[in-house]
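Everything on this sheet refers to the single structure shown next.
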Number of protein chains: 2
Amino acid sequence: MMRWLVLALLALAAPATASPRDWVNAHRADILREYLPLLAIPNVASNRADIRRNAEQIVAMMARRGLAPQLLESADGQAPPLIYGEWPVPGATRTLILYAHYDGQPVTPADWTVTPPFVPRLFAAPGRPIDPPADAAAISDEMRIFARSASDDKAGVMAILAAVDALRAEGAHPAFNLKIVFEGEEEQGSPHLAPLLRRHRDLLRSDGWIIIDGPAHQSGPPQLALGVRGDVNVELTVYGPVRPLHSGHYGNWAPNPAMMLARLLASMKDETGRVTIAGFYDDVVPLTVAERRAIAAIPRPDEMLRRELGLGWTEGGGAPLNELIMQPSLNINGLRSADVGERSRNVIPTIATAALDLRLVLGNDPERQVQRVVQHIRRQGYEVLDRAPTMDERRRFARIATVTHAPGYPAERTPLDHPLAQAMAAALRRNGPFVLMPGLGGSLPLHVIHAELGAPSVSLGLWNYDNNQHAEDENVRIGNLMDGIVAIAAVLQADQPPDRR
Amino acid sequence: MMRWLVLALLALAAPATASPRDWVNAHRADILREYLPLLAIPNVASNRADIRRNAEQIVAMMARRGLAPQLLESADGQAPPLIYGEWPVPGATRTLILYAHYDGQPVTPADWTVTPPFVPRLFAAPGRPIDPPADAAAISDEMRIFARSASDDKAGVMAILAAVDALRAEGAHPAFNLKIVFEGEEEQGSPHLAPLLRRHRDLLRSDGWIIIDGPAHQSGPPQLALGVRGDVNVELTVYGPVRPLHSGHYGNWAPNPAMMLARLLASMKDETGRVTIAGFYDDVVPLTVAERRAIAAIPRPDEMLRRELGLGWTEGGGAPLNELIMQPSLNINGLRSADVGERSRNVIPTIATAALDLRLVLGNDPERQVQRVVQHIRRQGYEVLDRAPTMDERRRFARIATVTHAPGYPAERTPLDHPLAQAMAAALRRNGPFVLMPGLGGSLPLHVIHAELGAPSVSLGLWNYDNNQHAEDENVRIGNLMDGIVAIAAVLQADQPPDRR
């Protein structure tokens, strides 16, 4: 704890003239001028060439700022690299890492209604795209930039670099040795993060990670989250005839895989949304009394969200959102069997597929949770395979399901009384209102950081909650982007927790 | 019945040298040379310009044969026209209409694996495309043409015209006044057929229609079907949040429309495939004793099909296909909610949609059957609309379903002892083996013909049963195409039923 005290004293020694807010407001146009070209580079991590182009651009942005950027490569040089930079502070005894990720979720361009996903555009209001004004004062808080990763999570990359600018402009420096890590494969489940951290562990020594990713609280202010749910993606396919059949000549004789899938999915949850898979909630580590108290203190956005989202009911029998996200979940991300609408034909489809994601909380192991789903499917009479069935298997088994899954990762939570948590809370408290969340509903690979480097982590959610992240028409509100830069600047000057002074 | 006797005598007076089989075998290359360009014209009926191009091509093909073609237009000239032609036979007292349709099912080009849907190709064997040989003897029965409508139903158009050629070449003529009608909107549910028939009823007077459409029996021979199921397409959409939500931050709080749809669909059928919607089977007119006997006499392809299609079970608790297609059905044609596979994202989707088709048998009314489905959805707690919900409705009702449906049409059946049925059976019996089906599983707008013109109808299924009709990789086997021409030539010389001589 002594080292935190030194850090605090160093922070107090920083120039008192620093006003990141003024700097940000004066430089809105400059920030957009740098940000929009970054958003124009496609960043779905499965396209390695695109990812390299993003990395090169970000390295150039960091080099301009004297952050000594370098790419941390995987052993075979094939994985999307970590982008590393640093701002060593003479005399600082603590080191913190600010993290964001530069890859984005896959896109379905046909679904984007206001601009294609990699043609970033500024909108003055819904339906009113404008060229970015050259005058900072003309860029108002309510404007939005639409593009894939506009908020998730190139906003994190841009805001960290702009916060560095804001400090530099005022002659200030971070209250600790600053390291920066930008990941390029987070939206794919961070499959190479563990080996990358292991390979570069000396460079990545720190006293903690601050993750800049995710939305502000629905009630408005930034949210400091001390944990995240884990996540594992599962894909489930069931089989009908090997070729599509005429639905008149063969219905209802040939089994319909879409109906089989519907029955199978319906068996997994009850009417209230509670998962009915045996053992699904068994491993959950109960919340501490302090965590329960913190959750109870969080504003409840439920009624506002129900109105805004047009929801006539919610799952969980009316339990509040803040409590429900502390439980494991089973969600259908997508369904597909043949076609609907204009392209629909009178067929019995050959297959039906559901994409699922299982969110995990403390105590859940990804593999064990997936196996519970597999066991459930078996109990519904299915032969479960991890590949497509052979013709012989199709003839032999009445019901076959192919279940595949990504490795996934477990949840992570830093205790409320941890010094890192306390220091960040104090820094944000000085900056303005914020919400303290013991755990986020979303997922970040924080468990990997803990397991590989022994480092604790917290995450800071800054972007508008209605940003359509992971979906079409993703966007960031200018006010959130600018406030986010200011909040990160405050974090860079984090004090030690007040109760340990 | 006297007029049928006259017809029979006229048929006996035709030249005895007619051998359509020899003509067809000698002209295989010529037939393909004319057929492949017709298949190259896209024919999804919603594209009116494409449909006109098809009509023009077919008119030219009929004009070459002296069939006096003309387009029978709708009142506003906007609907796909009927193509009409005729071969009046001096002295003939009966008139029969041969029908086929020149439009095809919608296509999803990405799903076609061997050739794009409108780039027709001849395959010598799976995976072995060849240029059509110039030598008729080099075109073997086992070759196949792949293209949309290769069998459904431009094969009907081509085979009728080639059968006319075969008769002409031998100096023969039909045993009746021949009229030909090619419809251009059958795969869209024939929405303009009734007004077109009404508008041109004088030209379309006849003693019966012979529909050339659909597959041969799975056991090999042509099938003469005396009836068809009716059909009505229903689309069902359920709603989640108005914008896609991050599945971590909002799962499981926000209702998931994919799960709601799964539960709703699962409620519609039991594990054996029996429809559990109240009243679904109530209106069914029971089969006659003669029909039951005829069905029992049909070869049972069940075991062969199960092997070929890779099915470990079938619906209907093991009842045979031939019996099950005499019952109404509820089939899922397609499912869609957000995305699966590469494009899947960690979202809670906004909507989930199922395309359904209801097959109808004698006694079922399309609207009444749809209303049973609607009532069932209401009983599951849904507010049912025929349009997308307003924001206010989304907030007010926990569960909303949008149900839309095409008009559809009822089933039709010509009795086993009807003179038209008997005459066709006799003609086919002379041609070789065939299967007599009291009713087909598939649908044709025969009810409209009966209602508008008072004409009975039968249908003749000729194409390979494994033709992927309505799906990707649709094809026709050359042997079926050539045998089909010969069978139609036999029908053109149809005798009167033997038991009435």
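The values are calculated or read from the model by the stated rules, or taken from the named source; none is laboratory data. The structure presented is a predicted model; accordingly, all values stated were derived computationally and were not measured. Positions of Cβ are backbone-derived with ideal geometry, glycine not excepted, and every protein chain shown enters the neighbour counts. Heavy atoms of the whole protein, side chains included, go into the accessibility calculation; ligands, DNA and RNA do not. Shrake-Rupley method; radii C 1.70, N 1.55, O 1.52, S 1.80 Å.
If you take the Cα atoms of segment A:147-213, find Rg, then find the Kirkwood Rh from the mean of 1/r over all pairs, what is Rg/Rh?
So for segment A:147-213, dividing Rg by the Kirkwood Rh gives 1.01.
State, to one decimal in nm, how far the label point of A:ASP131 lies from the label point of A:ARG429, with both points 7 Å from Cα in the Cβ direction.
Distance between the two pseudo-spin positions: 4.9 nm.
What is the mean number of Cβ atoms from other protein chains located within 10 Å of the Cβ atom of each residue in peptide A:478-490, rounded to a whole number?
Numbers: counts 0, 0, 0, 0, 0, 0, 0, 0, 0, 0, 0, 0, 0.
Per residue, the number of nearby Cβ atoms from other chains is 0 on average.
How large is the accessible surface per residue of the protein assembly as shown, computed with a 1.4 Å probe and reported in Å² as a whole number?
Values: 34450 Å² over 1002 residues.
On a per-residue basis, 34 Å².
Antiparallel as a % of all DSSP beta bridges within segment A:279-406, to the nearest 5? Walk me through the numbers before you get to the answer.
Working: 7 of 10 bridges.
So the antiparallel bridges in segment A:279-406 amount to around 70 percent.
Positive end of the dipole of the protein assembly as shown, charges at C-beta (+1 Lys, Arg; -1 Asp, Glu), about the Cα centre: which of B:PRO90, A:LEU440, B:GLY341 has its Cα farthest in that direction?
Positive-most Cα among the choices belongs to A:LEU440.
Taking a cut-off of 18 Å between Cα atoms, list the lysines near B:LYS179, but don't count ones fewer than 8 places away on the same chain.
Result set, ordered by chain and number: B:LYS154.
Explain nothing, just the number: relative contact order of chain A, from Cα pairs under 8 Å at least 6 residues apart, as a whole percent. List each step's numbers first, then the result.
On the way: 1049 pairs, mean separation 125.6, N = 501.
Once normalised by length, the contact order is 25 percent.
Count charges around A:LEU96 for me, please; just the other residues with Cβ under 9 Å from its Cβ, Lys/Arg as +1, Asp/Glu as -1.
Numbers: positive: A:ARG94, A:LYS179; negative: A:ASP207.
Counting the neighbours of A:LEU96, the net charge comes to +1.
With the Cα gyration tensor of segment B:26-95 in hand, give its eigenvalues times 5 under a square root as the equivalent ellipsoid semi-axes, listed largest first in whole angstrom. Kindly include the intermediate steps, with their values, before the conclusion.
On the way: eigenvalues 112, 89, 13 Å².
That gives 24, 21, 8 Å for the three semi-axes.
Can you list the residues in segment B:327-346 whose accessible area drops by at least 40 Å² when all protein chains are present, compared with the chain alone? Use a 1.4 Å probe, heavy atoms only.
B:ASN331, B:ILE332, B:ASN333, B:LEU335, B:ARG336, B:VAL340, B:ARG343, B:ARG345, B:ASN346
Taking amide H atoms as placed 1.01 Å from N in the peptide plane, list the residues 5 or more away in sequence, or in a different chain, whose amide H sits under 5 Å from that of A:GLU474.
It is A:ALA147, by chain and number.
If you average 1/r across every pair of different Cα atoms in segment A:314-409 and take the reciprocal, what Kirkwood value do you get, in Å?
Details: mean 1/r = 0.0621 Å⁻¹.
With all distinct Cα pairs of segment A:314-409 included, I get 16.1 Å.
Per the Kirkwood treatment, what hydrodynamic radius in Å, one decimal, follows for segment A:224-280 from the mean inverse distance over all distinct Cα pairs? Please report the intermediate quantities before stating the final value.
On the way: mean 1/r = 0.0679 Å⁻¹.
Result for segment A:224-280 stands at 14.7 Å.
Two decimals is fine: what's Rg over Rh for segment B:174-225, C-alpha atoms, Kirkwood radius as Rh?
Numbers: Rg = 14.0 Å, Rh = 13.5 Å.
My calculation puts Rg/Rh at 1.03.
Over all directions, what mean area does the Cα convex hull of chain A project, stated in square nanometres?
Values: hull surface 99.8 nm².
About 24.9 nm², averaged over all directions.
Output wanted: per-residue J couplings in Hz (rounded whole) for segment B:255-271, from phi through Karplus 6.51 cos²θ - 1.76 cosθ + 1.60, θ = phi - 60°, x for Gly and Pro.
Computed from phi, the couplings for segment B:255-271 are x, 9, x, 5, 5, 4, 5, 4, 5, 5, 5, 4, 6, 8, 9, 8, 5 Hz.
What is the sum of charges, Lys and Arg at +1 and Asp and Glu at -1, for the other residues whose Cβ falls under 9 Å from the Cβ of B:ASP473?
Numbers: positive: A:ARG243; negative: B:ASP111, B:GLU472, B:GLU474.
With Lys, Arg at +1 and Asp, Glu at -1, the net is -2.
Relative to 2.2 N^0.38 Å, what does the C-alpha radius of gyration of the protein assembly as shown come to as a ratio? Two decimals please. Spell out each step's value before the answer.
Working: Rg = 34.4 Å, N = 1002, 2.2 N^0.38 = 30.4 Å.
Output field value: 1.13.
Take the Cα pairs of segment A:354-467, get the Kirkwood Rh, then feed it into Stokes-Einstein at 25 °C and 0.890 mPa s and tell me D in µm²/s. Present the calculation step by step, with values, prior to reporting the outcome.
Values: Rh = 17.6 Å.
Approximately 139 µm²/s, per Stokes-Einstein.
Using each residue's phi in segment A:28-41, evaluate 6.51 cos²θ - 1.76 cosθ + 1.60 at θ = phi - 60° and report the 3J(HN,Hα) Karplus result to the nearest Hz, with x for Gly and Pro.
Using θ = phi - 60°, the values come out as 3, 5, 4, 4, 5, 4, 8, 7, 4, x, 5, 5, 6, 8 Hz.
Out of residues 5 or more away from B:ARG121 or on other chains, whose amide H comes under 5 Å of its own, with H placed 1.01 Å from N in the peptide plane?
Amide H neighbours of B:ARG121, under 5 Å, 5+ apart: B:PHE146.
Taking the inverse of the average 1/r across all pairs of different Cα atoms in segment B:391-458, what Kirkwood radius in Å do you get?
On the way: mean 1/r = 0.0635 Å⁻¹.
Across segment B:391-458, the inverse of the average 1/r is 15.7 Å.
Looking at segment A:43-160, what % of its DSSP beta bridges pair antiparallel, to the nearest 5? Before the final figure, lay out each step's value.
On the way: 9 of 10 bridges.
Looking only at bridges with both residues in segment A:43-160, the antiparallel portion is about 90 percent.
For the A and B pair, go ahead and give the buried accessible area with a 1.4 Å probe, both sides summed, in Å² to 100. Walk me through the numbers on the way to the answer.
Numbers: alone 21720 and 21760 Å², together 34450 Å².
When A and B are taken together, about 9000 Å² of accessible area is lost.
Anything losing 30 Å² or more of accessible area from the isolated chain to the full protein assembly: pick those residues out of segment B:263-310, probe 1.4 Å, ligands and DNA/RNA ignored.
Buried on complex formation: B:ARG263, B:ALA266, B:LYS269, B:GLU271, B:ARG307, B:GLU308, B:LEU309, B:GLY310.
I'd like the distance between the alpha-carbon centres of segment B:234-275 and segment B:319-391, rounded to an integer number of Å.
Between the Cα centre of segment B:234-275 and that of segment B:319-391, the gap is 12 Å.
At a 1.4 Å probe radius, carbon and sulfur cover how many percent of the accessible area of chain B?
Details: 9020 of 17240 Å².
Here carbon and sulfur together make up 52 percent of the probe-accessible area.
Whole-Å semi-axes of segment A:285-343's equivalent ellipsoid, largest first, each the root of 5 times a Cα gyration tensor eigenvalue? Kindly include the intermediate steps, with their values, before the conclusion.
On the way: eigenvalues 209, 56, 12 Å².
Over the Cα atoms of segment A:285-343, the semi-axes work out to 32, 17, 8 Å.
State the percent of C-alpha pairs, over all pairs in segment B:74-137, separated by a distance greater than 17 angstrom. Display every interim value, and only then the final one.
Details: 1399 of 2016 pairs.
That fraction is 69 percent.
Taking the DSSP beta bridges in chain A as the whole, what percent of them are antiparallel, to the nearest 5?
Numbers: 48 of 72 bridges.
Counting only bridges with both partners in chain A, antiparallel ones make up about 65 percent.
Sorted by packing (mean other beta-carbon atoms within 10 Å per residue), highest first, where do A:25-31, B:236-242 land?
Values: A:25-31: 17.0, B:236-242: 23.7.
The densest-packed peptide leads the list: B:236-242, A:25-31.
Just counting partner chain Cβ atoms within 10 Å, what average do the residues of peptide B:230-237 show around their Cβ? Before the final figure, lay out the partial values.
Details: counts 1, 3, 0, 4, 0, 3, 1, 2.
Other-chain Cβ atoms within 10 Å of each residue's Cβ, averaged: 2.
I'm a student and want to see the number: the projected area of the Cα convex hull of segment B:448-497, averaged over all directions, in nm².
Values: hull surface 20.9 nm².
Taking a quarter of the hull surface, the average projection is 5.2 nm².
Counting only other chains, and only Cβ atoms inside 10 Å, what mean value do you get across the residues of B:354-362? Working shown, then result.
Numbers: counts 7, 11, 4, 8, 2, 6, 0, 0, 0.
So the per-residue partner count for this stretch is 4.
Kindly provide the pair-distance distribution of segment B:22-150 built from C-alpha pairs, with 10 Å bins from 0 and whole-percent values in order of increasing distance.
Calculated P(r), rounded to whole percents: 11, 33, 33, 19, 4, 0.
All other residues with a Cβ under 12 Å from the Cβ of B:LEU360 taken together, and with Lys, Arg as +1 and Asp, Glu as -1, what is their net charge?
Values: positive: B:ARG229, B:ARG359, B:ARG368, B:ARG372, B:ARG413; negative: B:ASP231, B:ASP283, B:ASP357, B:ASP365, B:GLU367, B:GLU412.
Once all neighbours under 12 Å are counted, the net charge is -1.
Could you work out Rg/(2.2 N^0.38 Å) for segment A:138-268, with Rg from alpha carbons only? Spell out each step's value before the answer.
Values: Rg = 24.2 Å, N = 131, 2.2 N^0.38 = 14.0 Å.
Computed over Cα atoms of segment A:138-268, the ratio equals 1.72.
When the expected Rg is taken as 2.2 N^0.38 Å, what fraction or multiple of it is the alpha-carbon Rg of segment A:236-357?
Numbers: Rg = 19.8 Å, N = 122, 2.2 N^0.38 = 13.7 Å.
Normalised by 2.2 N^0.38 Å, the Cα Rg of segment A:236-357 equals 1.45.
Please give the charge dipole size of chain A, origin at the Cα centre, charges +1 on K and R Cβ atoms and -1 on D and E Cβ atoms. Round to the nearest 20 debye.
Details: 50 positive and 56 negative charges, 122 e Å.
Value, rounded to 20: 580 debye.
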